[in-house]
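The values are calculated or read from the model by the stated rules, or taken from the named source; none is laboratory data. Quick caveat, the model's predicted, so the values are computed rather than measured. Note: ideal-geometry Cβ built from the backbone for every residue, glycine included; neighbour counts use all protein chains shown.
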Amino acid sequence: MSRNASSGLGYEEPLLFERSRPGRRGAEVPPPDVPPVDVAKLLGPLARADLAGLPEVSEVDVVRHFTRLSTWNAAVDLGLYPLGSCTMKYNPKLNERVARMPGFAAAHPLSPAEHVQGLLALFHALEQLLAEISGMDRVTLQPAAGAQGELAGIMMIRAYHEARGEKRTRVLVPDSAHGTNPASAALNGYEVVSVASGADGILHPAAVAAAMDEQVAALMVTNPNTLGLFERHIAEISEIVHARGGLVYGDGANLNALLGIARPGDMGIDVMHMNLHKTFSTPHGGGGPGAGPVAVKELLAPHLPVPFVVRRADGTFAWQDELPGTIGRLHGQHGNVGMLVRAYAYILSLGAEGLRRCSEMAVLNANYLLARLAPVFHVPYPGTVMHECVLSDRNFADTGVTTMDVAKRLIDHGYHPPTIYFPLIVPGALMIEPTESESLEVLDRFADTLLEIAAEAHGDPDTVRSAPHRTRLRRLDETLAARKPVLRWQPDDAAR
Amino acid sequence: MRYIPHTEDDVRRMLARSGHARLEDLFAPIPAPLRLARALKVPEARSEQEVFEHLAALAAKNEHAFAGPFFLGAGTYAHYLPSAVDALVSRAEFTTSYTPYQPEISQGTLQAIFEWQTLISTLTGLEVANASMYDGASATAEAALMAMRITRRHKVALAAGLHPHYRQVIETYLDGLGASVVTVPLAEDGRSPIPASAIDADTACCIVQQPSFFGTVEDLRSGAETVHARGALLVVSVAEALSLALLEAPGALGADIVCGEAQSFGVPMSFGGPHLGFLVARAAHVRQLPGRLVGQTVDAEGRRGFVLTLSAREQHIRRERATSNICTNQGLCLLMATIYLALLGRHGLRELAELNLAKAEYAKARVRATPGLSLPCSAPTFNEFVIGLERPAAAALARARGQGVVAGLDLAPYAPALGSAVLFCVTELASRESIDRALGVLAGAGS
């Protein structure tokens, strides 16, 4: 079997502060063309003495420092990064280039609308594209990430009920949901009620009906769910919720399975967010920024955040700041606009057919991997999956090897591990989302590696349990980090 | 499709292996009535060149900071971006990785976050910083929520000098939680001194922006005394982070939480985002902090390394009892700021802040000397200040734009009490000549 990675140039690098030498500098400030000022006289006690503690390093130091740090990261551009529910697909270079055009990157959010018509036109077009893709009526681009989108969506639901004179108190969340769902509901003051998935891993109408009453504001549902399974009772479940006056929130984290195939808006979903950094390929940036536009059905349109773009009769675009039922403003400006530009370029590049092809190949990849791995790995919920599949470590129970060990051993072979120990309803879960970006050869090598690790778990469990072996650092002590938190560098640390 | 590698032969083989006859069968779990029976109404696929040209045409229709003299700030600041920042953050190992859940192969991101936590903690004068929030406004709203958790109180006092958008976002975030919001009024000099009457036994915190939306530098020390005397917390929100290089660290003046927006540290304006929210607090309050935190530890062989830590505060562990719902943050913007601060460093950052101050002071001196212009706020300022106009601000700004000058923000929608007024921001990008020109147009020259 050919290796996916081998030892190469491996660099060590201290902290920025440890590289610092008095007198070095990495940037020069232009000479002043105005008279100098006396800071002490102008600001008196409001001024600070000095910036002791900031580093003194040259530009070369800075470039080497961060370039070396970068070599310690796994990344999509290096290879498969199958984090389940994160959709680590390829991030096209064109999108990076267009987002850096000065007309986007150096535009100011408070420039009057008539002087930023290109941006407003882009907002308007992207809203329409996302509405069509999701099957919804209106879209706000303001939320900066999926979780802020959830917050906005639940706020709109609350505003909807309040506008009808109802004060509902609970939100239903399936036990397979992302942690952001219950957290977003709680931030709205709602009590969260967990709804158990059925033995087949999906939500059943009877379970929802049993939990549903006139105190329930909404059901939050992720479809496909975090097991990679399509919630096939979604239409009936939506009817149950609607019949008691509740609304259905759709978590769009897994929308990459459905592009051009099916639309949440056609399944009874009233409001949903989309993660542009997942489905629409904006890069994940080591943790962000993302973008979490929210799409709603007409009944929630009176509660959309402000401001939003409107198209005037003459074809020009303007901001609308006023809306009587609005939940208000969520972002200091207009959201993570740089991500909106990238997602727009992505959708235009793919077109309708390309979007559908993404989902088809993403689903094909997940099912292919599942077929290759199912003979050896425990599959808690067998059957055809959507864009991701979930395995568990049950078959290694007698070896002492856990999901954590398998994940760490994958690293030795040059793969970023899948999402692990999630969803919570599968003990020892390995949640694998290959995305459409990966070729058959990559998937085969990855499957071969996982099968090899499975064999190793039985034949040489100690090697698996002590992985990773080939990384710059071995397994890190997370308990120590939490027990004695060291959250910043201080000069005396250097002596340790 | 250039982003998808599958050949038709691959597809056939993969379907066979997974036990599906046709692609359509993969979607059998979706009930037929729920499937889309038509193609999406999305334009046909375009080549890279076509998309580039379309986006370039849209970009060309937008006013931007590098096209001419630009004096618009108000929470989003035009600064020079050193070349190394974009070159380094463009490295795919930073751009195309995600949240560092697997520390052994994410040490680059983790160490950079640890360095950011150290830098912003040094600049703000408090001990523990998180790994970013969405933006200054949401960071300030999260600070209010954090203060409510710490004090178990439900009232939040907002200084009149707080950015109006920040105030709106705070109101949105607090709306479902039974909290009340009161305002600390604006004084004659453009500051918001906190009167004892604004704080009572139910006040969780008072939030003061430094410098204020109007550019004025607040007296934090006396504000802290007033707030602490009633058992409340002082939250200081910073929208122009470069001011931290020149003004006393809020933490040293009694602030309990310092939050805000660090876009000024090397992050493009990008029409308002993605930017870089930050939140820094006292070590004693670390378990109430929202968002990701990176901590130092050791590996199995005793070598220093970094991991995400104290995650029992977060949504993926604590679900509805988490300190926040935040998951994805602004990681790459945090990296931009870390690189920027490394380049500018201890002396460069200070010099840059002094240059901003000197240019703004030059502009203020010119305003004083120009008939038709005035300085309605007498308090000290950093790189932004209010100019009073005798003629309508909107018309003056439009006239300036006609001459290629973006001469500031019309304050009419934000602070009508100031009359005709413009918020004028002077950074290192402004030359003396461009300042003269902008003020000349605002005063009515050439009209």
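Scan the range B:183-239 for residues that are under 20 Å from the mean Cα position of the chain (by Cα) and among the hydroxyl-bearing types (Ser, Thr, Tyr) and the total you get is 3. Please verify whether B:PRO43 is within 27 Å of B:PHE424 (Cβ to Cβ) and either touching a Lys or Arg at 6+ places or on another chain (Cβ under 9 Å) or within 8 Å of another protein chain (Cβ to nearest Cβ) (or both), treating the condition exactly as stated. So B:PRO43 does not fit the description; no. Being more than 32 Å from the chain's Cα centre (by Cα), modelled with pLDDT of 95 or more, surrounded by 17 or more Cβ atoms within 10 Å (Cβ to Cβ) and not hydrophobic (A, V, I, L, M, F, W, C) holds for only one residue in A:GLU18, A:GLU56, A:GLU13, A:GLU96, and it is A:GLU56.
Note on the range B:270-323: residues that are more than 23 Å from A:ASP477 (Cα to Cα), at the interface with chain A (Cβ under 7 Å from one of its Cβ atoms) and not charged (D, E, K, R) total 6. Of the residues making up the range B:340-371, those that are more than 7 Å from chain A (Cβ to nearest Cβ) and among the charged types (D, E, K, R) are B:LYS364, B:ARG366, B:ARG368. Among the residues of the range B:1-38, those identified as part of a helix (DSSP H, G or I), more than 30 Å from A:ILE269 (Cα to Cα) and at the interface with chain A (Cβ under 8 Å from one of its Cβ atoms) are B:ASP10, B:VAL11, B:ARG13, B:MET14, B:LEU15, B:ARG17, B:SER18.
Looking across the range B:25-83, just one residue is among the β-branched types (Val, Ile, Thr) and touching a Phe, Trp or Tyr at 6+ places or on another chain (Cβ under 8 Å), and that is B:ILE30. Which members of the range A:189-202 meet the condition of being within 13 Å of chain B (Cβ to nearest Cβ) and either of a type outside the set (A, V, I, L, M) or in contact with a Pro (Cβ under 7 Å, 6 or more places away or on another chain) (or both)? Across the range A:189-202, the qualifying residues are A:GLY189, A:TYR190, A:GLU191, A:VAL192, A:SER194, A:ASP200, A:GLY201. Evaluate the following for B:GLY266: is it in a loop (DSSP other than H, G, I, E, B), more than 7 Å from every other protein chain (Cβ to nearest Cβ) and touching a strand residue (DSSP E or B) at 6+ places or on another chain (Cβ under 8 Å)? For B:GLY266, the condition - in a loop (DSSP other than H, G, I, E, B), more than 7 Å from every other protein chain (Cβ to nearest Cβ) and touching a strand residue (DSSP E or B) at 6+ places or on another chain (Cβ under 8 Å) - is not met.
Criterion applied to A:PRO109, A:PRO82 was being more than 7 Å from chain B (Cβ to nearest Cβ), at pLDDT 95 or above and in contact with a His (Cβ under 8 Å, 6 or more places away or on another chain), and the one residue passing it is A:PRO82. For B:THR118, work out the one condition from (1) more than 7 Å from every other protein chain (Cβ to nearest Cβ); (2) farther than 30 Å from A:PHE104 by Cα; (3) not hydrophobic (A, V, I, L, M, F, W, C) it doesn't fulfil. Single failed check for B:THR118: (1).
Exactly one residue out of B:VAL280, B:VAL267 is within 13 Å of B:ASN130 (Cα to Cα) and not acidic (Asp, Glu): that is B:VAL280.
The set of residues in the range A:448-496 being within 10 Å of chain B (Cβ to nearest Cβ) and not in a loop (DSSP other than H, G, I, E, B) consists of A:LEU476, A:GLU478, A:THR479, A:LEU480, A:ALA481, A:ALA482, A:ARG483, A:ASP493. State which residue is nearest to B:GLN210 (Cα to Cα) when the search covers only the range A:21-48 and only residues that are among the small types (Gly, Ala, Ser) and either out of contact with any helix residue (DSSP H, G or I) (no Cβ under 9 Å at 6 or more places or on another chain) or more than 7 Å from chain B (Cβ to nearest Cβ) (or both). Going through the qualifying residues, I end up with A:GLY44. Considering B:ALA398, B:ALA407, the condition of being hydrophobic (A, V, I, L, M, F, W, C), surrounded by fewer than 17 Cβ atoms within 10 Å (Cβ to Cβ) and outside the structural domain of B:GLN210 (by TED's automatic domain parsing) is satisfied by B:ALA398 alone.
Does the range B:165-181 include one or more residues that are in a strand (DSSP E or B) and under 21 Å from A:ARG329 (Cβ atoms)? Looking through the range B:165-181, at least one residue is in a strand (DSSP E or B) and under 21 Å from A:ARG329 (Cβ atoms). In the range A:111-128, the residues that are closer than 18 Å to A:ARG342 by Cα and touching a residue at least 12 places away in the same chain (Cβ under 8 Å) form Cβ pairs under 7 Å with partners that are among the charged types (D, E, K, R) and surrounded by fewer than 19 Cβ atoms within 10 Å (Cβ to Cβ), at six or more places apart or across chains, as follows: A:GLN117/B:LYS61; A:GLY118/B:LYS61; A:HIS124/A:ARG311.
To keep it simple, each residue is scored yes or no on (1) part of a helix (DSSP H, G or I); (2) more than 9 Å from chain B (Cβ to nearest Cβ); (3) among the aliphatic types (A, V, I, L, M).
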| position | (1), (2), (3) |
| --- | --- |
| A:ALA343 | yes, yes, yes |
| A:ILE347 | yes, no, yes |
| A:LEU350 | yes, no, yes |
| A:GLU353 | yes, no, no |
| A:MET361 | yes, no, yes |
| A:TYR368 | yes, no, no |
| A:PRO375 | no, yes, no |
| A:GLY383 | no, no, no |
| A:MET386 | no, no, yes |
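Condition check for A:GLN148 on (1) over 25 Å from the mean Cα position of the chain (by Cα); (2) closer than 21 Å to B:GLY176 by Cβ; (3) surrounded by 24 or more Cβ atoms within 10 Å (Cβ to Cβ): one failure, at (1). Considering only residues that are of a type in the set (A, V, I, L, M, F, W, C) and in a loop (DSSP other than H, G, I, E, B), which ones fall in the range B:53-82? If the condition is that a residue be of a type in the set (A, V, I, L, M, F, W, C) and in a loop (DSSP other than H, G, I, E, B), then B:ALA60, B:ALA65, B:PHE66, B:ALA67, B:PHE71, B:LEU72, B:ALA74, B:ALA78, B:LEU81 are the ones that fit. The requirement of being at positive phi and more than 23 Å from the chain's Cα centre (by Cα) is fulfilled somewhere in the range A:165-173, by at least one residue.
Scanning the range A:394-417 finds no residues that are among the charged types (D, E, K, R), away from every other protein chain (no Cβ under 13 Å), buried (at least 24 other Cβ atoms within 10 Å of the Cβ) and closer than 14 Å to A:VAL379 by Cα. From the set of residues in the range B:66-122 that are within 17 Å of B:CYS333 (Cβ to Cβ) and among the charged types (D, E, K, R), which is surrounded by the most Cβ atoms within 10 Å (Cβ to Cβ)? Among residues in the range B:66-122 that are within 17 Å of B:CYS333 (Cβ to Cβ) and among the charged types (D, E, K, R), the one surrounded by the most Cβ atoms within 10 Å (Cβ to Cβ) is B:GLU115. Residues that are surrounded by fewer than 18 Cβ atoms within 10 Å (Cβ to Cβ) and either of a type in the set (Val, Ile, Thr) or closer than 30 Å to B:VAL286 by Cβ (or both) occur in the range A:445-464; there is at least one. The residue list B:PRO413, B:PRO376, B:PRO380 contains one member that is surrounded by fewer than 15 Cβ atoms within 10 Å (Cβ to Cβ), under 23 Å from B:ALA159 (Cα atoms) and either touching a strand residue (DSSP E or B) at 6+ places or on another chain (Cβ under 7 Å) or within 14 Å of another protein chain (Cβ to nearest Cβ) (or both), which is B:PRO413. No other residue among A:GLY459, A:GLY428 is in the same structural domain as A:ALA407 (by TED's automatic domain parsing) and at positive phi apart from A:GLY428.
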